[in-house]
Amino acid sequence: MQRMAWLKRTASRTAETSDAVEFARLLRDHIPAFYRAAYRWTGAVDRAEDLVQQLLLRLYPRLAELRELDQIRPWALRVMYRIFIDQLRRERSSPVQFGADPVVDDDVAAGEDEAWLDPGPGPQELSERELTQERVLRAWEQLGEEHRVVLAMHDIEDYTLPELAQIMEIPLGTLKSRLHRARARLRELLAEERMVAADRV
Amino acid sequence: MKGTDETGSYVADADFHTLRQALRRMPTPEPRAGFVERALARAAAQERTTGALLPARLGRFLSRWETWAGAALGAAAAAAMALILLRPFDSTQDPLPQLALTLHETRNVDVLIDSERELKGATIRIAATGSIELDGFDDEQHVDWQADLERGSNLLSLPVVARTAGKGELIAVIEHAGRTRRVAVELTVIDPKVSRS
């Protein structure tokens, strides 16, 4: 028989209040960073807020673990990443889908086959003049979410590859491959933007 | 000039630098005013209405709630509702439709929930009316939360306080997949001083 315990709220109210205060003290300063990351991943304010809210709901019951952490941010980002991936999987299995390039990971460590990895001639020579904020934003919005995550975390927020491999819980080789593909895809999109711009002239 | 970046790809150094700088210049909004405090408050409030009332086992279940909620809703809609029987449980006697308490007495009233199959994410609602209250919930007439019920017997001990002389009702409602089962137990609170006179 399962005994479903019933805890007296009177006994726990004081503890709840102090828990809420401590939770806020531990997390408050990190939330803007979580939000910025969530915004870059999702590309939308509402979805970013929802993702951060889900993260906090997930973390609150784990206050005891949070207290023991030396570095909360990477640990919490790992949790947020898992929530995000779960959401993506549900969205992709639903009839209503968010546009995204599917991520095709190849577990070949980048660098082992440099000829394959070299994106070759094409949209490599990007001039600063061409990379207007508007074009970069349009290209970014067209990237798949998982490409956005790896570029945001590595190329914008400066997480190292080993740190990122831990956050995303994927092998280093897979991560390198994904980062390479994400950059290549971004270059393609920027090149398409360049062609569209040329057509407009 | 070309080099190899840490992914092993050949890139033009200047190009890589330029692209990275462009990415870093992308505007990223700060959270909207009040979002941080609202989000923190919601997290704490959610815990007060769910986790703080629940044993650790159910707390862990709730931490996975967001992950499986979508799948469970779909599955539950297709499944037939399991038969749930609720009855007041007393280990020494047959189930009683009525219980008597002495004024100011606190007693655990055991509710036995028999389920023919495992029920994920059932809503349990407990209400106390009239002369009785749930101990620790003086200002709330009902409390509800979500839990998963195991196949077989699930025992829930509810601490009830007799506040005033008279009649009261303890009501337990289980909801799952749009179906509801309800049982009410009548409790009579007796004031010994009045009954002696």
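The table that follows gives values for the structure above.
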read-out	value
Ranked by how many other beta carbons lie within 10 Å on average, peptides A:48-55, A:158-165, B:122-129 from highest	A:48-55, B:122-129, A:158-165
10 Å Cβ neighbours from other chains, averaged over peptide B:103-114	1
A:Val45/B:Arg125 FRET efficiency (R0 45 Å; Cβ-Cβ; nearest 0.05)	0.80
Ordering of A:171-177, A:181-187 by packing [mean C-beta count within 10 Å, highest first]	A:181-187, A:171-177
Shielding by partners, peptide B:125-135 (average Cβ within 10 angstrom, other chains)	1
Average other protein chain Cβ within 10 Å of Cβ, residues B:145-155	2
Per-peptide average of other Cβ atoms within 10 Å, ordering A:65-71, B:162-168, B:103-109, A:36-42 highest first	A:36-42, B:162-168, B:103-109, A:65-71
Rough spin-label spacing in nm, given labels placed 7 Å along Cα→Cβ, for A:Glu68 and B:His104	4.5 nm
Amide proton proximity set for A:Gly144, modelled H, under 5 Å, gap of 5+	A:Asp101
At R0 = 25 Å, FRET efficiency that the Cβ-Cβ distance of A:Glu163 and B:Met26 yields, to 0.05	0.70
Residues in the range A:33-65 that a label on A:Arg90 would reach, taking backbone N under 14 Å of a point 7 Å out along Cα→Cβ	A:47, A:50-55, A:57-58
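Computed from the coordinates by the stated procedures, all read-outs in this text should not be read as laboratory data. Here the structure is a predicted model, which means the values were calculated and not measured. Ideal geometry is used to build each Cβ from the backbone, glycine not excepted, and the neighbour counts take in all protein chains shown.
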